[in-house]
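Student: Below you'll find the structure I mean.
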Amino acid sequence: MADEQVSLTSLILIIVLGGLIIRYLFFSPTAQTPRPARDAQSASRAREAAVERIQQMFPQVDRRTILWDLHRNGGNITATTERILAGRIETPPVTFQPPPPPASPSPSRTAQTQTHKAPPKPNEPDLITRYKLQNKISANSETESATKAKAWSSNRDERQAALQRRRDEMILAARRKMEAKIAAEKATGNAS
């Protein structure tokens, strides 16, 4: 037995077989078991986020059609958007029943969406109150037209005053038109 030698090919074969056996024993179970990409809840949230995003861009397209197209293209928002823009979006078949939309967002999600929104504006009942034009309501339109500036001024303060005066005149004119329209509607309502 002392005269026996291991050939180079036998040595390579032993190393390769040993490596395969070690790989199979230690690394095989984690490599062969299929891992779900996402659980059902996160997939549902991602799908709803995609639908909401597309509906914000295209409110005229219904939710079912968007879900059908996202289902067809594997959730690709860009492809769905391009189909809508090109007018090639297909209506879903009658057999396609999408999952219902979530009932209500969780409190943490509501808090997150409120932080991204603009701060609420103070409630003003109308433009007259907002710009403090109550005293000008009864003023005659002739006096307002007489105070108009002749041309665009080079002075910043005069320009600002002219623009504010013009804004006030436009608001009051719109109010007079609305009052006339309401009076006309009342008159036709009483006459009939």
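Student: Within region 129-136, is even one residue surrounded by fewer than 10 Cβ atoms within 10 Å (Cβ to Cβ), in a helix (DSSP H, G or I) and modelled with pLDDT of 75 or more?
Tutor: Among the residues of region 129-136, at least one is surrounded by fewer than 10 Cβ atoms within 10 Å (Cβ to Cβ), in a helix (DSSP H, G or I) and modelled with pLDDT of 75 or more, which makes the answer yes.
Student: Among all residue pairs at least 6 apart or on different chains, which show Cβ distances below 9 Å where the first residue, located in region 44-64, is part of a loop (DSSP other than H, G, I, E, B) and the second is loosely packed, with under 15 Cβ neighbours inside 10 Å?
Tutor: Listed by first residue and then by second, the contacts come to 58/85; 61/55; 62/55.
Student: A follow-up question, please. List pairs: first residue in region 72-90 and of a type outside the set (Lys, Arg), second residue open to solvent by 60 Å² or more (accessible area, probe 1.4 Å) anywhere in the structure, Cβ distance under 7 angstrom, at least six positions apart or on different chains.
Tutor: Sorted first by the residue in region 72-90, then by its partner, the pairs are 75/47; 77/53; 81/57.
Student: Give region 155-172 a look and list any residue that's closer than 15 Å to residue 129 by Cα and open to solvent by 100 Å² or more (accessible area, probe 1.4 Å), or say none.
Tutor: 170
Student: Then there is this: Determine whether residue 30 is modelled with pLDDT of 85 or more and either open to solvent by 100 Å² or more (accessible area, probe 1.4 Å) or not in a loop (DSSP other than H, G, I, E, B) (or both).
Tutor: no
The values are calculated or read from the model by the stated rules, or taken from the named source; none is laboratory data. All values reported here derive from a predicted model rather than from experimental measurement. Cβ atoms come from the backbone with ideal geometry, glycine included; neighbour counts cover every protein chain shown. Side chains are part of the model used for accessible areas, which takes the heavy atoms of the whole protein and leaves out ligands, DNA and RNA. Shrake-Rupley method; radii C 1.70, N 1.55, O 1.52, S 1.80 Å.
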